[in-house]
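Read-outs throughout are calculated quantities, based only on the coordinates presented, and are distinct from any laboratory measurement. Only a predicted model underlies this, so the values are computations on that prediction, with no experimental measurement involved. Cβ: placed from backbone, ideal geometry, glycine included. Neighbour counts: every protein chain shown.
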Amino acid sequence: MRYCLREMRLTTLLLISLLLLHVLAYAPLSDDTILNRLAQPDTADFDIHTGNLLAPILIPRVPGTEGSRKVLQHFVEFFRNSLPAWTVTFQNSTSKTPTHGDNEVPFVNLIATRDPPWAASGNVGRLNLVAHYDSKYQPEGFIGATDSAAPCAMIMHAVRAIDAALTRKWDTMQAQGSTDPDFDEQKGIQVLLLDGEEAFRSWTATDSIYGARSLAEEWEHTMHPATSIYKTFLDSIELFVLLDLLGVSEDLPIPSWQHTSHWSYVHMAEAELRLRKLNLFRSKSRTWLPEKDKKETDGFQSYVMQDDHIPFIARGVQVLHLIPARFPSVWHTINDDAEHLDIPTVEDWAFLTAVFAAEYMELEGFFEQNPASQMMSRDDDDLISKDEL
Ligand SMILES: *[C@@H]1O[C@H](CO)[C@@H](O)[C@H](O)[C@H]1NC(C)=O
């Protein structure tokens, strides 16, 4: 991602967005679920040296290199071991780059999907959680901890945190016979970990977002069976939530970038506010999503930040872009490394992403009390006797 900003033809975008605008279901979680049922991120996953989710990503992972293969393998094993109900596929492409002469560099996007078990895949509209996993070619040794190792780990935490509740919800729906496999639109969830976001030399339309460009183009033309609710794979993306440059201690507010997805920004901002009020955040951060009260009729940005969503937006996909307007000071320097992450901030973002995904998938009522909080409430009973209350 980069500072180069492109003017968009706002009127065209606005017209398209009005045509596409439809109200999507979304149901907030109860405080009880958030406090006692949803798994909270912890150092076992987010320690920069030993964290199960984060640490393996904090290595150079330039497309086509051994580091890239290792990180991809880490993702594959995560889904295989922790989320076996998910389907993992790849979308591969190759491209020449300004730094590799006539050699074609390979790009591998990872796509992990979970749909209701009875649903035909062409009838499923999906929440997509997206980050890029490649790191910059230069400077040598560049890690890209905020860009975007930490966002990848946040997404991994979020989908694992809601997986059991998804199972319970879909089991319940099947048991009640409240599914109509032929006609109903179904809601699924998908993770896109994209390759080749960074430019090899300097950002241009052809030297950047290699993986995203290839994927959007391919999905625009990949058709579902003729009787499906959605026509193409691209149409099946209900919302494209892109996380980028998150996880440092600086106070870097995120604007509501797109008029079309402002409704989803508002939901996430409300979730953020609730987590802060419930004292569940560990970081010293202030509000990340301050434009909650912006009206749909207020002015929105007149430019789009260059990032993986560009080829998707250009094809009419709704995008929630979670990137600060001012970038972290370590951005694109050798200092964007593990040590410059603020782990409480990374964990808070992981938590918020999980809440957003759970609310989007309407999972209230399907989380079990987690053992840790049961133990805590038992301890409380021991400490405070009825007389004292
Ligand atoms: C894409 O690349 C991955 C990783 O190298 C590989 O495992 C997979 O088989 C490839 N898929 C296709 C369809 O070529």
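Rounded if a/c is under 1.5, else prolate if a/b is larger than b/c, else oblate: which is segment 111-153, with a ≥ b ≥ c the root eigenvalues of its Cα gyration tensor?
It is prolate, given that a/c is not under 1.5 and a/b is the larger ratio.
Evaluate the charge dipole of the chain about its Cα centre and quote only its size in Debye, nearest 20, assuming +1 on the Cβ of each Lys and Arg and -1 on the Cβ of each Asp and Glu.
760 debye
For segment 29-388, build the charge dipole from Cβ charges (+1 Lys, Arg; -1 Asp, Glu) around the Cα centre, then report which of G247, F142, Y210 sits farthest towards its positive end.
Farthest along the dipole direction, towards plus: Y210.
Where in segment 200-245 are there trypsin sites (Lys or Arg not before Pro) that are in a DSSP coil and have at most 16 other Cβ atoms within 10 angstrom of their Cβ?
Listed in order of number, the matching sites are R201, K231.
Are there any helices in the chain, counted as whole DSSP H runs, that stretch 30 Å or more along their axis by Cα and score at least 1.0 on average by Kyte-Doolittle, and if so which?
Helices meeting the criterion: none.
From the cross-link list K96/K136; K70/K136; K169/K292, which pairs have alpha carbons spaced over 23 Å apart?
Where the Cα-Cα span goes over 23 Å, the pairs concerned are K169/K292.
Cut-off 15 Å, label point 7 angstrom out along Cα-to-Cβ of S82: give me the residues of segment 32-67 whose amide nitrogen falls inside.
Taking a point 7 Å out along Cα→Cβ of S82, the residues of segment 32-67 whose backbone N falls under 15 Å are 39-58.
So what are segment 29-388's ellipsoid semi-axes, whole angstrom, largest first, if each one is the square root of 5 times an eigenvalue of the alpha-carbon gyration tensor?
Equivalent ellipsoid semi-axes, largest first: 32, 26, 20 Å.
Provide the percentage of antiparallel DSSP beta bridges, counting only those with both residues in the chain; round to the nearest 5.
Antiparallel bridges make up about 50 percent of those DSSP assigns within the chain.
If the reach is capped at under 18 angstrom between alpha carbons, list the lysines near K231, excluding any in the same chain fewer than eight residues apart.
Within the straight-line limit of under 18 Å, K231 reaches these lysines: K187.
So for the pair T167, R315, with labels modelled 7 Å out along Cα→Cβ, what separation do we get in nm?
3.3 nm
Need the C-alpha centroid separation for segment 27-106 versus segment 280-315, integer Å.
If you average the Cα positions of each part, the centres end up 23 Å apart.
Please compute the length gained on full extension between T94 and E339, using 0.36 nm multiplied by the number of residues separating them and subtracting their Cα-Cα distance.
84.9 nm
Report the FRET efficiency, 1/(1 + (r/R0)^6), for T297 and A27, where r is their Cβ-Cβ distance and R0 is 35 Å, rounded to 0.05.
Here the calculated transfer efficiency is 0.85.
Can you compute the helix-only [θ] at 222 nm over the chain? Use -39500 (n - 2.57) per DSSP H run of at least 4 residues, normalise by all residues, nearest 500 deg cm²/dmol.
-10000 deg cm²/dmol
Once you put a point 7 Å from the Cα of E104 and another 7 Å from the Cα of R201, both along the Cβ direction, what distance in nm separates them?
Label at E104, label at R201, 2.1 nm between them.
For segment 85-146, run through the chymotrypsin sites (Phe, Trp or Tyr not before Pro) and keep only the ones in DSSP coil with at most 16 other Cβ atoms within 10 Å of their Cβ.
W118
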